[in-house]
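The values are calculated or read from the model by the stated rules, or taken from the named source; none is laboratory data. Remember, it's a predicted structure, so these values are computed and weren't measured experimentally. Neighbour counts run over all protein chains shown; Cβ positions are idealised from the backbone, glycine included.
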Amino acid sequence: MIASDMGHQGRFGKYGETKRLGRLRQAGTRTSSHQESRATQAKQRPSPGGVGRKGGRVRIREALASDADFVGRLSGRVFRVYGPYRETVSQWFHSGQAITLIAHRGGNPVGFAMFSHGSPDSIPRRHSELLAIAVLPEEHRTGIGQRLLGEAERSAAEHHVTRLFLHTAGENLSAVGLFEKSGYHPVELKTHFYPAGQDALLMFKDLPPARDGRHA
Ligand SMILES: CC(C)(COP(=O)(O)OP(=O)(O)OC[C@H]1O[C@@H](n2cnc3c(N)ncnc32)[C@H](O)[C@@H]1OP(=O)(O)O)[C@@H](O)C(=O)NCCC(=O)NCCS
């Protein structure tokens with residue numbers, strides 16, 4: 001599970017997750033015109049490969065407002081060992097300060113990735129944070145997580161992000177494996193970072209420029 005400092009640009013690692021929850025709750029109470037407008041202009045990404053265990057092509061698109069329930073339920077399922085993340089990730093989803101991508105097969109969502117973006121009228125962030133990434137447990141190890149992460153990085157680069165940070169529990173071997181394989185470097189171990197007490201590893205990756213050079 002990943003944490004956010006969405007209200008303080010660039011101050012990664014200054015606050016533990018418990019202190020952050022209050023600010024994120026405040027962000028979650030604001031109306032999310034950002035998410036709504038994104039929902040209306042959701043983009044479908046072409047998705048070469050991506051055949052999951054059940055067969056059929058997995059596609060990735062920006063989230064619609066109607067994906068909120070899936071994102072909340074999956075977060076509750078896979079992150080509850082770290083704290084009240086069904087609520088927290090739902091607040092991020094609605095905050096207007098995060099961009100969420102959905103992996104789906106046909107009409108059925110199978111995973112999501114979310115990164116912080118800042119409010120639509122703020123100066124674009126150069127450093128951003130991958131807030132959460134999750135795949136349905138029955139779909140694990142079929143390549144969906146890696147594809148979601150790649151699309152999140154591409155989308156972040158298109159939004160002028162040059163460096164993506166993330167926090168993940170040091171004991172979360174599947175996540176650490178995914179991030180190491182994808183080129184993330186560990187920079188700090190934060191003790192008792194999560195509400196349930198686990199330590200977090202802070203990692204980062206410098207993103208290549210978007211193909212059209214928008215973040216250069
Ligand atoms: C972490 C997570 C998103 C990975 O998604 P996934 O679709 O299963 O991962 P992929 O199939 O794309 O695997 C990509 C790479 O990640 C690593 N990996 C994935 N699962 C792993 C596991 N159980 N053990 C070790 N490495 C693992 C491997 O390097 C793998 O490459 P490989 O299959 O060629 O060896 C998924 O396990 C998940 O949803 N976990 C619960 C939520 C979570 O912990 N999220 C991360 C913190 S926010």
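Observations, loosely collected:
- Considering residues of region 96-122 that are in contact with a His (Cβ under 8 Å, 6 or more places away or on another chain) and closer than 21 Å to Ala157 by Cα only, the residue surrounded by the fewest Cβ atoms within 10 Å (Cβ to Cβ): Pro120
- Out of Thr162, Thr142, Thr191, sole residue that is within 11 Å of the ligand (Cβ to nearest atom) and at negative phi: Thr142
- Flag if Arg163 is surrounded by 13 or more Cβ atoms within 10 Å (Cβ to Cβ), in contact with an Asp or Glu (Cβ under 6 Å, 6 or more places away or on another chain), among the basic types (Lys, Arg) and over 30 Å from Gly55 (Cβ atoms): yes
- Inclusion of Leu149 among residues that are part of a helix (DSSP H, G or I) and either near the ligand (Cβ under 6 Å from one of its atoms) or touching a Pro at 6+ places or on another chain (Cβ under 9 Å) (or both) is not warranted.
- Verdict on Arg211 being in contact with a Lys or Arg (Cβ under 9 Å, 6 or more places away or on another chain), away from the ligand (no atom under 16 Å from the Cβ) and among the basic types (Lys, Arg): yes
- The single residue among Gln91, Gln44, Gln97 that is more than 16 Å from the ligand (Cβ to nearest atom) and either out of contact with any Gly (no Cβ under 7 Å at 6 or more places or on another chain) or modelled with pLDDT of 95 or more (or both) turns out to be Gln44.
- Every residue from region 77-114 that is assigned to a helix (DSSP H, G or I) and hydrophobic (A, V, I, L, M, F, W, C): Val78, Phe79, Val81, Val89, Trp92, Phe93
- As a summary of the residue check, Arg125 satisfies the conditions (1) in contact with a Gly (Cβ under 9 Å, 6 or more places away or on another chain); (2) charged (D, E, K, R); (3) surrounded by fewer than 16 Cβ atoms within 10 Å (Cβ to Cβ) except for the one numbered (3).
- The residue pairs whose first member lies in region 114-136 and is over 18 Å from Arg61 (Cβ atoms) and small (Gly, Ala, Ser), whose second member is more than 16 Å from the ligand (Cβ to nearest atom) and not in a loop (DSSP other than H, G, I, E, B), and whose beta carbons are closer than 9 Å, counting only pairs six or more residues apart or on different chains, are Ser119/His34; Ser128/Arg163.
- Test result for Phe204, under 22 Å from Val81 (Cα atoms) and either more than 11 Å from the ligand (Cβ to nearest atom) or loosely packed, with under 13 Cβ neighbours inside 10 Å (or both): no
Residues checked against (1) within 12 Å of the ligand (Cβ to nearest atom); (2) at pLDDT 95 or above; (3) aromatic (Phe, Trp, Tyr):
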{"site": "Ile102", "(1), (2), (3)": "no, yes, no"}
{"site": "Pro109", "(1), (2), (3)": "no, yes, no"}
{"site": "Arg125", "(1), (2), (3)": "no, no, no"}
{"site": "Ile133", "(1), (2), (3)": "yes, yes, no"}
{"site": "Glu138", "(1), (2), (3)": "yes, yes, no"}
{"site": "Arg154", "(1), (2), (3)": "no, yes, no"}
{"site": "Ser174", "(1), (2), (3)": "yes, yes, no"}
{"site": "His185", "(1), (2), (3)": "no, yes, no"}
{"site": "Ala196", "(1), (2), (3)": "no, yes, no"}
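- Applying a threshold of 7 Å to beta carbon distances and a minimum spacing of six or more residues, or different chains, the list of pairs starting in region 163-176 at a residue that is more than 17 Å from Pro195 (Cα to Cα) and part of a strand (DSSP E or B) and ending at one that is within 8 Å of the ligand (Cβ to nearest atom) and modelled with pLDDT of 95 or more reads Leu164/Leu130.
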